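None of the figures in this text is laboratory data; all of them are computed from the coordinates on show. The shown structure was predicted, so the numbers you read here are calculated from the model rather than taken from an experiment. Here the Cβ positions follow ideal geometry from the backbone for every residue, glycine too, while neighbour counts run over all protein chains shown.
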Amino acid sequence: MRATGNNETMIRAYGVNTKNMKTIGLAIANGFTAMSGFLITQIQGFSDINMGIGVVILGLGSVMIGEIVLKLFRITSIRIHLLGVIGGSILFRMILAFALSIGIDALYLKLVVAVFVLIVVSIPNFKTAND
């Protein structure tokens, strides 16, 4: 399945059905998503239609922070990248907590998150422009 994502043409040449691999991968991802929603509902004791709004941005922001920091230091180990994503998640939450502590209204928190993600995405471009 991982090889299908890396080089679909090569895996197809080996005789693997890439459409089935994509379908299986999406099924596993959706199963994990459903299970996480189920567990959150069980822990909180209720479910609401607005519970998942913004989770994708938080997840992407966490992953981007971890990946960009590791790219700046040219680290290629997969284990360190996993730790980097966890560290990026912690750093991202700390930045959100800082934004709330300096008095930014919770209504504008999504704007702060969007601006911060935009800044994080543009960091590699600033580095290449200065080199």
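Summary table
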| quantity | calculated |
| --- | --- |
| Pairwise FRET efficiency - M51 versus I75, Cβ, R0 = 25 Å, nearest 0.05 | 0.10 |
| Cα gyration tensor, region 2-44 - rounded (a/c under 1.5), prolate or oblate | prolate |
| The chain: C-alpha gyration tensor shape, a/c 1.5 cut-off, then a/b vs b/c | oblate |
| At R0 = 35 Å, FRET efficiency that the Cβ-Cβ distance of F98 and T33 yields, to 0.05 | 0.75 |
| GNM result for the chain, Cα springs below 10 Å: residue of N17, N30, N50 fluctuating most strongly | N17 |
| Whether region 27-101 is rounded, prolate or oblate, judged on the alpha carbon gyration tensor where a/c under 1.5 counts as rounded | oblate |
| Region 1-118, relative contact order [Cα under 8 Å, separation at least 6], % | 19 |
